[in-house]
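> Take a look at this one; I'll ask things after.
Any read-out appearing in this document is the output of simple, stated calculations on the displayed coordinates, not a laboratory observation. Please read these numbers as outputs of a predicted model, since none were measured by experiment. We place every Cβ from the backbone using ideal geometry, glycine too, and count neighbours over all the protein chains shown.
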Amino acid sequence: MAQISLTFPDGNAREYDAGITPAAVAEGISKSLGKKAISATVNGEHWDLAWPIEANASIAIHTMADEDQANELVRHDLAHIMARAVQEIWPDTKVTIGPVIKDGWYYDFDRVEPFTPEDLGAIEKKMREIINKRDPVRTEVWDRDVAIKYYEERGEPYKVELIEGIPGDEPLRMYWHGEWQDLCRGPHLQHTGQVPGDAFKLMSIAGAYWRGDSDRAMLQRIYGVAFTGKEKLRAHLNMLEEAAKRDHRKLGREMDLFHMQEEAPGQIFWHPNGWTIYTELQDYMRRKQRSGGYVEVNTPQLVNRKLWEESGHWDKYQENMFIVEVDEDHAREKAVNALKPMNCPCHVQIFNQGLKSYRDLPLRMAEFGSCARYEPSGALHGIMRVRGFTQDDGHIFCREDQIEEETAVYIDYLTSVYKDLGFESFRVKFSDRPEQRAGSDDIWDKAEAALLAATRAAGIEPEMNPGEGAFYGPKLEFVLTDAIGRDWQCGTHQVDFVLPERLDATYIGADGGKHRPVMLHRACLGSFERFIGILIEEHAGKLPFWIAPRQVVVASITSEADDYVAEVVADLKAAGVRAEADMRNEKINYKVREHSVGKVPVILAVGGREVEERTVSVRRLGQKQTSVQNLDEVVSELGVEATPPDLR
RNA sequence: GCUGCUGUAGCUCAGAGGUAGAGCACUCCCUUGGUAAGGGAGAGGUCGAGAGUUCGAUUCUCUCCAGCAGCACCA
């Protein structure tokens with residue numbers, strides 16, 4: 001038998017017979033490791049203990065102490081155990097796929113009867129029975145024809161389709177958990193009893209399209225979470241509960257920021273508090289844009305269909321546009337307009353007024369552009385995905401060779417904005433050429449290289465999103481996450497070769513001839529609405545002082561202090577602080593509670609002593625202790641804090 | 001848009017085939033209280049909209065609207 005050499009993490013190598021399994025390797029090292037081993041990493045690949053190793057390789061044996069591998073195995077085995085449980089309870093259910101995801105797994109089923117929330121309990125119970133049986137997990141490699149026939153006979157069409165989609169040279173692994181069988185890449189644990197029975201929970205049922213294709217069957221997906229121990233599960237569930245408290249929809253109500261109602265789905269009624277955040281943020285962005293070399297413009301909301309036809313939106317985006325037809329007695333003729341879903345075509349109209357010289361480039365044009373998009377009803381989400389929103393939009397008209405420099409400048413700009421707003425880190429995704437695209441490969445090469453180079457120069461290694469670019473050019477997406485970890489694209493930076501062409505934007509080059517500018521679409525916040533939603537969740541409502549809508553409440557302890565309260569409020573306002581008086585006939589406990597719930601950053605309590613000494617008792621949100629300070633001192637301190645970071 | 005769930009007072013929720021309840025919030029009264037809910041009284045709802053079944057519907061059925069979770073979408 002041929003010999004192979006396996007290299008261990010400590011650098012030592014040992015000789016084995018070819019075809020040895022990691023289980024035997026572990027057993028050979030020590031009896032206890034043989035018992036504790038759950039899987040291995042072989043040449044960087046997560047490897048089942050039962051898979052043979054045929055050639056020289058590096059190897060690391062894993063135990064339950066290796067969190068990453070253990071979680072993957074536990075979650076993956078649970079996916080199978082859940083599918084088995086479901087088929088044992090409802091044998092007519094067809095199985096599809098069940099991958100591991102962050103914190104758990106899901107499995108998609110095809111069953112005529114929908115699952116109910118009560119079913120989850122029954123499935124969990126059955127899963128624990130399976131775990132308690134300690135059924136062995138076994139794997140075999142099959143020929144495709146045999147496997148296809150096997151699944152056809154069992155009436156599992158989805159599995160047949162999956163196999164047909166697997167490249168012919170890849171081995172088909174068939175797994176058994178006891179008598180129950182599934183097609184699976186593996187690896188898995190050795191028996192069902194290795195899965196902790198008290199560290200998982202089925203979370204929810206939802207619809208999901210087969211293969212993610214909305215033209216195909218709607219399956220039923222069951223989500224579960226799982227960990228290696230029950231404390232970790234408890235911590236996770238606890239985290240979710242805490243995260244729910246940070247939901248911007250809940251805080252929006254509690255802080256009286258905004259509301260939404262049936263008559264205007266996907267649109268926001270901003271209340272005074274919320275609008276203060278909005279305008280404070282807008283003022284800040286306007287200053288940043290000015291110092292960033294942008295010129296600010298404003299363009300029409302309602303634009304005739306002709307322009308949208310020229311821009312291509314009428315063809316490609318019509319379903320998402322609010323179309324407005326005027327056909328009334330007072331109108332001479334019927335006009336078809338659309339509320340703008342984007343600002344870009346309008347910005348090109350401004351660019352196109354008069355002749356532009358190469359000396360004008362790069363031309364950075366910005367607009368707080370209000371857009372309306374008819375988003376699918378199921379996509380709406382609080383103020384983060386709406387139908388009426390305002391982008392901090394901007395378009396940079398430049399030459400091809402300026403893309404990299406402009407991208408670098410933009411990343412720097414965005415980074416400073418995010419930092420000022422409390423986001424020290426954010427994720428960047430890079431989407432390159434899709435299959436359907438405009439422009440030559442040569443231009444794409446250059447544009448992609450420019451974006452990547454600028455991003456890397458900024459010290460950012462983007463996540464790759466292959467083939468996800470716009471048809472008109474590659475893009476960078478700047479992603480922030482909400483309270484429960486969902487991704488939201490906020491900032492964006494996209495190269496566009498197409499729109500300048502369609503709308504015939506030109507500039508006169510140094511050579512005296514006409515040239516086509518490149519357009520960079522960019523938004524830093526993305527939209528005020530989404531960004532404020534993220535901002536609220538990121539800070540759990542405890543916004544940085546300068547942007548907090550209600551900054552200070554001055555609360556009287558007894559009515560004797562009322563005059564002094566008014567004086568303190570006046571002083572604070574004069575220092576540029578948003579201050580209000582609370583002289584209601586209520587106890588200080590009550591006032592403190594109410595304004596704490598309302599997330600007011602600073603409460604100044606004043607009673608007889610403070611009136612006497614011209615001091616205030618300062619209480620910061622989230623802190624129990626208070627400090628008595630001189631009034632003038634506090635006013636100047638808070639005046640500084642109320643100053644936006646770019647003006648300090 | 002798709003699958004499932006939900007819609008009762010400003011908010012959080014209970015309720016039942018015979019036309020509705022709690023706590024908080026709100027208004028008034030008492031209370032002047034020292035850092036997360038002092039006490040009392042009062043007011044407040046075509047039970048999301050429309051249709052059907054029924055002697056009678058907010059409750060059952062259907063359609064629509066909106067929201068929630070996920071999927072799809074997010075040039």
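> Starting from the 7 Å offset along Cα-to-Cβ, what nm value, one decimal, do you get for the label separation of A:E263 and A:A206?
Rounded to a tenth, the inter-label distance reads 3.3 nm.
> If you take the alpha carbon radius of gyration of chain A and divide it by 2.2 N^0.38 Å, what ratio comes out, to two decimals? Kindly include the intermediate steps, with their values, before the conclusion.
On the way: Rg = 30.9 Å, N = 648, 2.2 N^0.38 = 25.8 Å.
Here the answer is 1.20, to two decimals.
> With viscosity set to 1.002 mPa s at 20 °C, what whole-number translational diffusion coefficient in µm²/s follows for the range A:484-569 from Stokes-Einstein and a Kirkwood radius over Cα pairs? Present the calculation step by step, with values, prior to reporting the outcome.
Working: Rh = 18.3 Å.
Answer from the Stokes-Einstein relation: 117 µm²/s.
> Given 10 °C and 1.306 mPa s, how large is the Stokes-Einstein diffusion coefficient of the range A:95-137 in µm²/s, with Rh as the Kirkwood radius over Cα pairs? Numbers along the way, then the final one.
Working: Rh = 12.3 Å.
Translational D for this selection: 129 µm²/s.
> Continuing with the same structure: Rg and Dmax of the range A:196-335, using alpha carbons, in Å: what are they?
24.2, 75
> Could I get the Rg over Rh figure for the range A:475-618? Both from C-alpha atoms, Rh via Kirkwood, rounded to two places.
Working: Rg = 25.4 Å, Rh = 19.4 Å.
Radius of gyration relative to Kirkwood radius: 1.31.
> Rounded to whole Å and sorted largest first, what semi-axes of the equivalent ellipsoid does the C-alpha gyration tensor of the range A:269-376 yield via the square root of 5 times each eigenvalue? Write down the numbers at each step before the final one.
Working: eigenvalues 156, 103, 32 Å².
Computed over the range A:269-376, the values are 28, 23, 13 Å.
> Oh, and also: Helix A:528-538 versus the longest principal axis of chain A: what is the Cα-based angle in degrees, 0 to 90, to the nearest 10?
The two axes meet at around 60 degrees.
> Hey, what do the phi angles of the range A:18-31 turn into as Karplus ³J(HN,Hα) couplings, whole Hz, using 6.51/-1.76/1.60 and θ = phi - 60°, x for Gly and Pro?
Along the range A:18-31, the couplings run 4, x, 5, 9, x, 4, 5, 4, 4, 4, x, 6, 6, 4 Hz.
> Using Cα-Cα distances under 8 Å and only pairs 6 or more residues apart, what relative contact order does chain A have, in percent? Intermediate results must be reported in sequence, preceding the final value.
Numbers: 1189 pairs, mean separation 56.4, N = 648.
Reported as a whole number, the value is 9 percent.
> Could you give the alpha-carbon Rg of the range A:553-648 over 2.2 N^0.38 Å, rounded to two decimals?
Numbers: Rg = 12.6 Å, N = 96, 2.2 N^0.38 = 12.5 Å.
Cα Rg divided by the expected 2.2 N^0.38 Å: 1.01.
> Which one, A:V611, A:N304, A:P136, is farthest towards the positive end of the dipole of chain A when Lys and Arg carry +1 and Asp and Glu -1 on their Cβ?
Of the candidates, A:V611 comes out farthest on the positive side.
> Rg/Rh for the range A:600-648: what does it come to with C-alpha atoms and Rh from Kirkwood? Walk me through the numbers before you get to the answer.
Values: Rg = 12.0 Å, Rh = 11.7 Å.
In the range A:600-648, Rg relative to Rh is 1.03.
> Something else now. With just the Cα atoms defining each centre, how far is the range A:441-483 from the range A:5-80? Give it in Å.
Each part reduced to its Cα centre gives a spacing of 37 Å.
> So in the range A:1-98, what percent of DSSP beta bridges are antiparallel if you round to the nearest 5?
On the way: 13 of 15 bridges.
The antiparallel fraction comes to roughly 85 percent.
> Filter the GluC sites (Glu not before Pro) in the range A:435-513 down to the DSSP loop ones having no more than 14 other Cβ atoms within 10 Å, then list what survives. Working shown, then result.
Values: sites: A:E435, A:E448, A:E463, A:E468, A:E477, A:E501; in loops: A:E435, A:E468.
Qualifying residues, ordered by number: A:E435.
> Please state the relative contact order of the range A:104-249 as a whole percent: Cα pairs under 8 Å, 6+ residues apart?
Numbers: 189 pairs, mean separation 44.2, N = 146.
RCO, the range A:104-249: 30 percent.
> Please compute the volume of the convex hull spanned by the alpha-carbon atoms of the range A:406-508 and report it per residue in Å³.
Values: hull volume 13.0 nm³, N = 103.
Looking at the range A:406-508, the number lands at 127 Å³ per residue.
> Taking the Cβ of A:E375 as the centre, find all other residues whose Cβ is under 9 Å away and add up their charges (Lys, Arg: +1; Asp, Glu: -1). Walk me through the numbers before you get to the answer.
Details: positive: A:R373, A:R385, A:R387; negative: none.
Within the 9 Å Cβ shell, the charges total +3.
> All other residues with a Cβ under 13 Å from the Cβ of A:E242 taken together, and with Lys, Arg as +1 and Asp, Glu as -1, what is their net charge?
Details: positive: A:R234, A:K245, A:R246, A:K250; negative: A:E241, A:D247, A:E537.
In short, +1.
> Which lysines, on any chain, are close to A:K159 with Cα under 23 Å apart, when same-chain ones fewer than 8 places away are left out?
A:K94, A:K149
> Which number do you get for Rg(Cα) / (2.2 N^0.38 Å) in the range A:535-603?
After normalising by residue count via 2.2 N^0.38 Å, the value is 1.15.
> Around A:G467, what is the net charge, scoring Lys/Arg as +1 and Asp/Glu as -1 over all other residues with Cβ under 13 Å from its Cβ?
Net local charge, A:G467 excluded: 0.
> A follow-up question, please. Using packing as a proxy for protection, rank A:245-258, A:120-133, A:76-89 so that the peptide with the highest average count of other Cβ atoms within 10 Å comes first. Before the final figure, lay out each step's value.
Working: A:245-258: 19.1, A:120-133: 16.9, A:76-89: 23.1.
The most tightly packed comes first, giving A:76-89, A:245-258, A:120-133.
> Here's a follow-up. Helix-only estimate, please: 222 nm mean residue ellipticity of chain A, summing -39500 (n - 2.57) across DSSP H runs of length 4 or more and dividing by its residues, to the nearest 500.
-10500 deg cm²/dmol
> While we're here: Under 8 Å for C-alpha pairs, at least 6 residues apart: give me the relative contact order for the range A:458-511, rounded to a whole percent.
Details: 42 pairs, mean separation 15.2, N = 54.
Dividing the mean separation by the residue count of the range A:458-511 yields 28 percent.
> Right, another one. Give me the three principal axis extents of the range A:166-227 from the C-alpha atoms, as integers in angstrom, largest value leading.
Its Cα atoms span 40, 37, 20 Å along the three principal axes.
> If you don't mind, another one. How many Lys pairs in the range A:449-605 lie less than 30 angstrom apart by Cα atoms, where the lysines are 8 or more positions apart or on different chains?
Total qualifying Lys-Lys pairs in the range A:449-605 comes to 10.
> May I pose another question? Take peptides A:421-434, A:162-175, A:487-500 and line them up by average Cβ neighbours within 10 Å, highest first, as a rough protection proxy. Could the numbers behind the result be given before it?
Numbers: A:421-434: 16.5, A:162-175: 12.7, A:487-500: 21.4.
So the peptides A:421-434, A:162-175, A:487-500, ranked by packing, come out A:487-500, A:421-434, A:162-175.
> Still on this structure, please answer the following. Given +1 on the Cβ of Lys and Arg, -1 on the Cβ of Asp and Glu, and no further charges, what dipole in debye does the range A:411-541 carry about its Cα centre, rounded to the nearest 20?
On the way: 14 positive and 22 negative charges, 49 e Å.
In total the dipole reaches around 240 debye.
> Still on this structure: Take the Cα coordinates of the range A:67-156, assign each an equal point scatterer, and use the Debye formula without solvent to give log10 I(q)/I(0) at q = 0.14, 0.16, 0.22, 0.24 Å⁻¹.
Calculated log10 I(q)/I(0) at the listed q: -0.59, -0.77, -1.28, -1.37.
> Using only Cα atoms and rounding to the nearest 10 degrees, what angle (0 to 90) does helix A:272-291 make with the longest principal axis of chain A?
90 degrees
> I need the P(r) histogram for the range A:118-192: all alpha carbon pairs, bin width 5 Å from 0 out to the longest distance, whole percents.
So the P(r) values, bin by bin, are 3, 14, 22, 19, 16, 15, 7, 2, 0.
> Could you please state, rounded to a whole Å, how far the C-alpha centre of the range A:490-505 is from the C-alpha centre of the range A:139-172?
If you average the Cα positions of each part, the centres end up 46 Å apart.
> Any lysines with Cα under 20 Å of the A:K340 Cα? List them, leaving off those in the same chain fewer than 8 positions away.
Partners found: A:K306, A:K316.
> Just from the alpha-carbon atoms, what are the Rg and Dmax of the range A:16-124 in angstroms?
Cα-based Rg and Dmax for the range A:16-124 come out at 17.6, 53 Å.
> Show me the ranking of peptides A:399-407, A:437-445 by mean Cβ neighbours inside 10 Å, starting with the highest.
On the way: A:399-407: 18.7, A:437-445: 13.9.
Ranking the peptides A:399-407, A:437-445 by packing returns A:399-407, A:437-445.
> A:K126: which aspartates and glutamates have alpha carbons under 14 Å from its alpha carbon, excluding same-chain residues fewer than 8 sequence positions away?
Within the straight-line cut-off, A:K126 pairs with A:E88, A:E118, A:D135, A:D198.
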